[in-house]
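Q: I have a structure I would like to understand better, so I am pasting it below and will then ask my questions one at a time.
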């Protein structure tokens, strides 16, 4: 898949400075991140079973796209303002997973599992009367998206898997990658282990510290680290899922063979991945693409895990062209 099309991204004043810098490969470190993007959305809290989910929605026309953030102890704010140009061409719904951001926090590890997050999302889609949506799952959110189409296939018409993995056995690929070893040497690995082992930091403090400490794994172009860390400073981190993981509640869970399952379902799928992703190596994206005949693979050159920040234009273009291809009608303004 090679996205082409009209230059749509100049229409958002909020994004303009970011796009000019990010897509030229240069970032002006004097440009500071602004959270003003939130004022453009309709925000509300919606009950989904025993959870209350914080939801934001943009756009009034085009196909419905539902974004599932990663972390999972992050919120959805780190996608903005970078995704705002898409909202001129689709109805975008974002939300914070249970235990994340401004959604319900339980303080009990047993309240967290992939299937609980999937059930929350299914109830949220029902409440919003959203059917046949395009699910956009990023990182851990990709796991949620995969599990949802496995259990509730009628809810999603299309699937976008961004910077995520359908597999568990990817660590060897990272360890065999010279650039990863250079970027993440033993001294830096020891620093992250100290944060994990801390008995004085809260779960929320650990999540924030780990994100900031290891941000060099989320971005390939290290000149962008000031921007990435600035974005991270505005995230409402939590430690709920970390506590569940440390308690063993998230380990040893077996789910579907997603390559085979997606092939059976025939759901159109875009696999969107940074060539230099140091969280989930690009090999997992290529592996899934080889198993799913109806999938398109778009690899973003010289982009890392947070590819929507590192190559904003190409990331948005790939999503828009996928929507145009499978929406059945044009979603460009003024087109018939």
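Nothing in this text is a laboratory measurement; each read-out follows from the coordinates by a stated rule. No experiment lies behind these values; they were computed from the predicted model shown. As a convention, Cβ positions derive from the backbone with ideal geometry for all residues, glycine included, and neighbour counts pool all protein chains shown.
Q: Name the shape class, rounded, prolate or oblate, that the alpha-carbon gyration tensor gives for the chain, where a ≥ b ≥ c are the square roots of its eigenvalues, rounded holds for a/c under 1.5, and otherwise prolate holds if a/b is larger than b/c and oblate otherwise.
A: Judged from the Cα gyration tensor, the chain comes out rounded (a/c under 1.5).
Q: Using DSSP, restrict attention to beta bridges with both residues in the chain and report what percent are antiparallel, rounded to the nearest 5.
A: So the antiparallel bridges amount to about 30 percent of the total.
Q: Right, something else. Give the order of 163, 263 when sorted by the count of other beta carbons within 10 angstrom, beginning with the fewest.
A: With the sparsest Cβ surroundings first, the list reads 263, 163.
Q: Which order, highest average first, do 39-49, 178-188 follow once you tally other Cβ atoms within 10 Å for each residue and take the mean per peptide?
A: 39-49, 178-188
Q: Pairs of alpha-carbon atoms within less than 8 angstrom and 6+ residues apart define the contacts here; what relative contact order does the chain have, in percent? It would help to have the intermediate numbers written out before the result.
A: Working: 615 pairs, mean separation 70.9, N = 336.
Result for the chain is 21 percent.
Q: Moving to a separate point now. Take 165, 202, 104 and order them by how many other Cβ atoms sit within 10 Å, fewest up front. Please report the intermediate quantities before stating the final value.
A: Working: 165 24, 202 13, 104 21.
Neighbour counts put them in this order, fewest first: 202, 104, 165.
Q: Rounded to the nearest 500 deg cm²/dmol, what is the calculated helix-only ellipticity per residue at 222 nm for the chain, with -39500 (n - 2.57) per DSSP H run of length n ≥ 4?
A: Using -39500 (n - 2.57) per qualifying helix, the result is -11000 deg cm²/dmol.
Q: With a point put 7 Å past each Cα toward its Cβ, work out how far residue 129 is from residue 257 in nm, to one decimal.
A: For residue 129 paired with residue 257, the spin-label model returns 4.1 nm.
Q: Just rank 65, 231, fewest to most, by other beta-carbon atoms within 10 angstrom. Intermediate results must be reported in sequence, preceding the final value.
A: Values: 65 25, 231 21.
Final ranking by Cβ density, sparse to dense: 231, 65.
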